[in-house]
Structure formats: structure tokens, C-alpha cells
Protein chains: 2
Amino acid sequence: MHTPTIHPLEGATALAPLIEAYRGRRPDRLPVWFMRQAGRSLPEYRAARAARADIGMLEACLDPALATEITLQPVRRHGVDAAILFSDIVIPLRLAGVEVDIAPGVGPVFAEPIRDRRGIEELVARPIEEGMFAPVTEAVRLLTAELGPIPLIGFAGAPFTLAAYMVEGRPSRDHLAARTLMHADPGLWRALADWTARLSGAFLLAQARAGASAVQLFDSWAGSLPAPDYRRLVAPASRLALAPVREARIAGGTVPTVHFGVGTAHLLPDLAGVGADVLGVDHRLSLTDAARAVPGVPLQGNIDPALLGAPWPVLAEHVHRVIEDGARAPGHVLNLGHGVPPATDPGVLTRIVDLAHA
Amino acid sequence: MHTPTIHPLEGATALAPLIEAYRGRRPDRLPVWFMRQAGRSLPEYRAARAARADIGMLEACLDPALATEITLQPVRRHGVDAAILFSDIVIPLRLAGVEVDIAPGVGPVFAEPIRDRRGIEELVARPIEEGMFAPVTEAVRLLTAELGPIPLIGFAGAPFTLAAYMVEGRPSRDHLAARTLMHADPGLWRALADWTARLSGAFLLAQARAGASAVQLFDSWAGSLPAPDYRRLVAPASRLALAPVREARIAGGTVPTVHFGVGTAHLLPDLAGVGADVLGVDHRLSLTDAARAVPGVPLQGNIDPALLGAPWPVLAEHVHRVIEDGARAPGHVLNLGHGVPPATDPGVLTRIVDLAHA
């Protein structure tokens, strides 16, 4: 492994439309990418996975050559303005030695829930070292060499969302076990959230140093929290997760950070308050309303994934409205309000890119 | 079967604290009940179900004697201010002949998704007749005879939530299939939503006529909708579902109606706009914020179910805050922000009732 002599942000991607928009400017071209663009919607993805049917989802993420190929697929096909690393938010947990796997059709499943004092103390005793992220940083290096002027986005799960999975042991609707823990034993919760934040923070920093031009923190389940709980029990950990990249001088400056959650209409100012440069907004709230809630913050989003299955004129009208709404923010990156559904016709995504670039 | 000579609202329950609060007044005692109070949190429920292990969940709901017993259990144990019929939102679908069952640990599962033209046309051709609700109205009659001054709440699923289950065929996180249908084929969606609304409307009216003192429309998944979609594609059907009870003269007056959804911070005025008397609010938004969003509307809620597992002083402080926040609405019925989690210690629920009544 080697550190790139020139970080992409120092050269190739410094003025990419994505980076311009993330920095609150209005590039000539509206940048667009899609959450989960590398994945099951693409036949070439399904083929690449089928060719390695011997390994599971997480092993695929940890194979630098395979992860690189899968990450590049949507860039080649759609002409999107960013690549996002093919990975999963539980990858750093796996690399830290936590027994977790992705059960098809279910999501992350842990060998056992991590919710009692013993389990959490064992977890937080695990060392966090940059070297353990090598399979991912190696993919980042392979990718940035291939991508040239197209920025690569690194990402990590936010402490609450990761903790919600660990405490429950699997996906859940209301994240009750994690939300109960934070009230039942705030000290234990803080230990869990802080370790997870340090892990995510180190993971984001490793990706940024290896060549990622931006990073995104996914707090998918933050929307289940009342605002006072978010502020008191979750925001400090999310701030901690973003801090290493925020504070690092990389390529002579900073790497833009994005913060995203689902169902966060009641939380936007608080999500914006943890220190990311850009806020990702899901489909429930218009970007006009979001821009009013967090004035001055560049926004990313928020095509409703449900519209991807509608006839093109209906979808195109919706995309036009999202673009108009996004114009109220100081910078706007077009994206979906949530991940690409697996059944999506990829041709529709290409048309959206063409429309955004027209 | 017989119609009661005197409807409870004409006598026994007319001045019950619940009904007073639903009508926007401040009774001497703060009324409290819990969504899913009749259910797995109670050992006597588990015993009653185990004694009839030969039948499934929906069959238990359709056995008037068993449903009556289960409905009464939390009233006896906790001293709550209302009984809510032990039932499920898919019961009227089952009674209309739709093949649906409750899979333990999953939720409603349909023999096949109802989402194409043929499936929806078959569905909406099914007749809706008050007689088909007999197993439920019989339970309502048995219950009101037992309950005396304690009101019974009837309920139904709102058209969007029921349609989301039918179109997906099972529970889903984002209700994408239903939300896609409404954009891809609004006419077909409207046919589905209108039939479902007429079914729920007839079901609510049958329960009210049989003796229920109030009814609640559950639109659990409405929060997944952007407000413009809710207003255009869902609200008319929800209004239609509430109309029969709203327009009926029962017991010389009207039966109060409650409307509830989850994750609706961005939708409260729209939910209140479909014509219910009372708005149920989940745990994400304080009742102070809700009262600001829908001034003049009595509110129900919104203890965070996650707090039920916290030490009593923490929970008690939270309940006190909910009661204080609720005082900003013209009427307040204390409840959870969502259903009782199955693992809840029932003693905690009794303590909340005692606290509310103190």
C-alpha cells in the first residue's frame, strides 16, 4: 500500500461539480449520484456477485479488486458525478472483530446483541487502529487511480444507527432496545456510542486520507429519536465521528462531509448542528422546506424512490421539482431520498442523470 | 344479535373522562389508555391464547367470547380509562374474503400481493355489507354490557396503511410498492384506496352502532408520505373512511373520532384536516410542538415506548413532561406514542395509570 503522492482533492477532483456544490457553490453542471447506486439494480453487479458466489456480501466489500469493480459500474453506466465506495456500514465493525453478517433479505445480523454491560465493555475494549481498514483503503487507492476527475465518496454509519443494529442484534422498526438503553443506563450508552463514534471517525479519516474526496455519515435511523434525545444522547457522538475528517488538513484543505438520515423532518437543525458541511434529506420533506429549516446549508437529495417506477413524464416532472427546490440551498447535489430499490430499472437512473446534466 | 336499547354514549359513558377529553374538555381525571394494551405484555393474555392454541391470531379476534375476555384484561389489571377492542386492522379485509393471515414475528401476510389491475378489480368487486362484521359487533355488544361506565374504542386501519400491506403483500419499511402505484397509476390507486376506505368506514360505523363510544383510525404508515402526496392521494380516502361515523347520529349525537399515525411531524395539519376530532401523536414530537402545529385539536399520546424499560424515576419524569405538554391542547388523553412492546413489564403500565390519576 502507498499513500497517493497527490490527493485527488489537490488536483483531479478539486473543481469537480460535486465538490463545488458540497462547498456551497453552484457549479456549471448539477451534480448527481444515487445512494446504493452500486448494487442490485445493475445486471453487471449481479453478474459480478454471481461470479464470486463463494463469498458473502461483506467479504465482497472486503475484496479490494471486487469492491473496486462494483464501485465503478454505476459510474461507467450512468455517468454520475461521484462514485461511492461499495461497502456496508457494518464493515468497520467486522474489521474490529465484531461477529456480524448480512443476511439476504434481512440486513445486518449479529452473533449476539451487544446490549449488556459485559457485551459493551468487551466491545469498547477492542482497539481501533488505522491499519485494520487496509482492505477498504486499498480499494480507495485502486479507485482513485481509475476515477481521475470523478470524486470518490467514502462513508460510515453514524453511532446511533450502528448502535441500534448492535443492541437489537438485527434490523428493527423502532430501535426500541437501543433507545431504551440510552435512557435506562446513559453511562453505558455513552460508552457504546463513543467507541462507535471513534471507530466511524477513524474509518472516515482513513478513507479521506487514502483518496476519498468527500465522506458521508449515514444516520439512517436517527429519525426515530425525539429531538431532545437526539441532542443530548446522540449528537455528541455524531459530532465525534465527524471530527477527525473535519479537523484533518488533507490536500491542503478540508474534505467535505455530508450527514444523512431518514424521516428527519423534526430533526434537521439538529442534524445540521453536528458539524457536517452538507445535509442529505430524504423524500418526505421538500428541499424548499429543508432549506427553510437549515438556511445556508448545502443540501443533497431527494428524489422519491417510489417515483422510479412511475412513467417517465411523472418522474421527470418530480425530478424537475426537486431541482427547483434544491436551487433554494446554497449548493445542491441531486440524489434519491433513500437508496436505489433493488428492482429499479437502471435505464431510469441514466435518464435522471441526463436530465440533471441537460 | 340485538342492538342495545341504550347506546353507552347516551348514558353510561357520556361523561367518561375519555369522552370529555375527546370532545376537547378537561375532565377531573386525566384519561389514559395504551395502544396494544390488550396483548402480549400481559401473562393473562398469553394464557388465554395458549388455552386456544388451536387458533391463530385473526381467529382469536373473530371469536367474540375470547376477544371480549382479552379486551377486558387490561381494563381489570391497569384500571385504564378505555377498553380498545382486541382486533387487528386486517380483520375487515379477512371478513371481506381477502386471504390474509398474521405471521408471528412478521405481521400481516397476504396470499398474494394485490397490486395489478386484475387483483385490484377483483378486490373492489367484493361487496361490503354490515352483516359481515357480525363477529366483531357481537364482541362489541358483549363488551359494552360488561364495561358499564368505561368507554370501548373501536378501530380500523386507514386506507393507505391497509393498501400498503395489500400492495406489498407483507410489512415493508418504505411502502415503496404502494407509493409507486399511486404515482404510476393514480386511477387504479384511487379505486383501491376508495374501496378500502368504504370498508374501513363501514367497519367503524358498525362498531359505533353496536356500542363503541369512540373510534380510532390507524394510519400507521402515513409518515412515509411527503405532504403533497398525502394531501392529493391519501387524505380524500381517509376522509371517506371517517365520514360514516362523522355523519351518523348515534345516541342523539356524534361518536368522537381519533386519527393516529407514526412519524408524522411533517404531516400533522394534514392528518388533522381529514376530519377526526382528535389527533394521536407518536413519541417523536412533543405535544407542545404538536399543539402548536394543530391548535385547537385535542391530542392523544405520547409516552415514548422506549422509556417503559427505563428505571421508574426516569420514566415518571418523562410521563410528567408528557402530561405538562398535553395541557397545551384543549383536551388530552394520555397514551403511548406507539403500541405496548411485547416485552413490557405490565406493572409499569399500571404505575403510569396510577400516576395519571393521582
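The values are calculated or read from the model by the stated rules, or taken from the named source; none is laboratory data. Here the structure is a predicted model, which is why all the values come from computation and not from measurement. Here the Cβ positions follow ideal geometry from the backbone for every residue, glycine too, while neighbour counts run over all protein chains shown. SASA here: full protein model, heavy atoms, side chains in, ligands and nucleic acids out. Shrake-Rupley method; radii C 1.70, N 1.55, O 1.52, S 1.80 Å.
Here are some notes:
- Antiparallel bridge percentage (DSSP; both residues within the protein assembly as shown; nearest 5): 20 percent
- Shape category assigned to the range B:151-253 from the gyration tensor of Cα positions, a/c cut at 1.5: prolate
- Distance in nm between pseudo-label sites at A:Arg52 and A:Val106 (7 Å out along the Cβ direction from Cα): 2.3 nm
- Shape of the range B:1-51, Cα gyration tensor, a/c cut at 1.5: oblate
- With the helix formula -39500 (n - 2.57) applied to DSSP H stretches of n ≥ 4, chain A reaches a computed 222 nm mean residue ellipticity of -13000 deg cm²/dmol.
- The relative contact order of chain A, computed from alpha carbon pairs under 8 Å that lie at least 6 residues apart in sequence, is 21 percent.
- Cα gyration tensor shape of chain A, rounded if a/c is under 1.5, else prolate or oblate by comparing a/b with b/c: rounded
- Packing-based order for A:316-326, A:115-125, using average beta carbon neighbours within 10 Å, highest first: A:316-326, A:115-125
- For A:Arg115, residues with placed amide H under 5 Å, excluding near neighbours: A:Ile120
- Summing both sides, the accessible surface hidden between A and B at a 1.4 Å probe radius is close to 2300 Å².
- For B:Ile352, A:Ile102, the ranking by accessible surface with the largest value first comes to A:Ile102, B:Ile352, using a 1.4 Å probe.
- Full extension of the chain between A:Glu10 and A:Arg321 yields a length gain of 108.5 nm, computed as 0.36 nm times the residue separation minus the alpha carbon distance.
- The range A:296-358: relative contact order in percent, alpha carbon pairs under 8 Å with at least 6 residues between: 46 percent
- Sequence-distant contacts, meaning Cα pairs under 8 Å at least 6 residues apart, place the relative contact order of the range A:95-167 at 35 percent.
- The amide H of B:His259, built 1.01 Å from its N in the peptide plane, has B:Leu217, B:Val278, B:Leu279, B:Gly280 as neighbours under 5 Å, considering only residues 5 or more places off or on other chains.
- Note on chain B: antiparallel DSSP beta bridges, both residues inside, total approximately 20 percent of the bridges counted.
- Counting only other chain Cβ atoms within 10 Å of each residue's Cβ, the peptide B:253-261 averages 0.
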